[in-house]
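Below: the structure, in structure tokens.
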Amino acid sequence: MGKSEIKRRAVFLDRDGVINKPIIQHGRPYPPKQVKDFEIYDDVVTGVERLCDAGYLLIVVTNQPDVARGRQAREVIEAIHQEMLTILPQITRVEVCWHAGAEWQDPCECRKPQTGMLLRAAEALNINLNQSFVVGDRWRDIDCGRAAGCRTVFIDRNYSESLKQIPDWRVQTFTEAVEAILLATTVQP
């Protein structure tokens, strides 16, 4: 197999609740409304550096249905992503689902738990999904990762919602998620 044919490994990161602190209302997480409200968790910069140093592509996969629902301007989301990329230049790609979701009569193939964002990134960047991970803080992330054939790491932020599938790892912090991935990487054949 030629060098250009070697498939890469990736860590797919949810945004709100994994990279940045969400706004919690009634036990559920919501995205920041403005760039000034975007605050990354303290352990994310170091964790992202460690994953990058271990050879992983880092891809953010985020549902942003409030744009289609008329609650948020796309320009604000894009400005938040620009801020995120300034802080975390190791991120290779940002995949966004802008659809409102089936409950809003706006079904798609990319809104997690659908696998469209992962499949799109995998094709564009030559990623082996079976050697990749999804890190998320909600059931949609875990179900998406499982459906795509990735291993899953759930960061339990104590929301008032339940998982539908069991993740490969359940942790409390981004640092612990990174540790789980790096440990799994060292014990692979």
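The values are calculated or read from the model by the stated rules, or taken from the named source; none is laboratory data. Since this is a predicted model, take the numbers as computed values, not measurements. Cβ sites come from the backbone with ideal geometry, for glycine too, and all protein chains shown count toward neighbours.
What residue, of 103, 123, is farther than 22 Å from residue 39 by Cα, among the charged types (D, E, K, R) and at pLDDT below 95?
Details: 123 fails: at pLDDT below 95.
Answer to the selection: 103.
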Task: Among the candidates 105, 131, 172, 165, residue that is surrounded by fewer than 21 Cβ atoms within 10 Å (Cβ to Cβ), on the phi > 0 side of the Ramachandran plot and not aliphatic (A, V, I, L, M) - done: 105
Task: Out of 46, 86, 62, sole residue that is over 23 Å from residue 119 (Cα atoms), touching a residue at least 24 places away in the same chain (Cβ under 8 Å) and among the hydroxyl-bearing types (Ser, Thr, Tyr) - done: 46
TODO: Specify the residue that is nearest to the chain's Cα centre (by Cα); the eligible residues are those in segment 44-87 that are among the polar types (S, T, N, Q) and either assigned to a strand (DSSP E or B) or surrounded by 21 or more Cβ atoms within 10 Å (Cβ to Cβ) (or both).
DONE: 62
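Say we look at segment 151-162 and pick out the residues that are closer than 23 Å to residue 111 by Cβ and more than 12 Å from the chain's Cα centre (by Cα); which of these is surrounded by the fewest Cβ atoms within 10 Å (Cβ to Cβ)? Let's see the steps before the verdict.
Within segment 151-162, the first condition is being closer than 23 Å to residue 111 by Cβ, and the residues that meet it are 151-157, 159-162.
Cutting the leftovers down to more than 12 Å from the chain's Cα centre (by Cα) gives us 151, 156-157, 159-162.
Details: 151: 20, 156: 13, 157: 15, 159: 16, 160: 8, 161: 11, 162: 6.
Taking the candidates together, the pick is 162.
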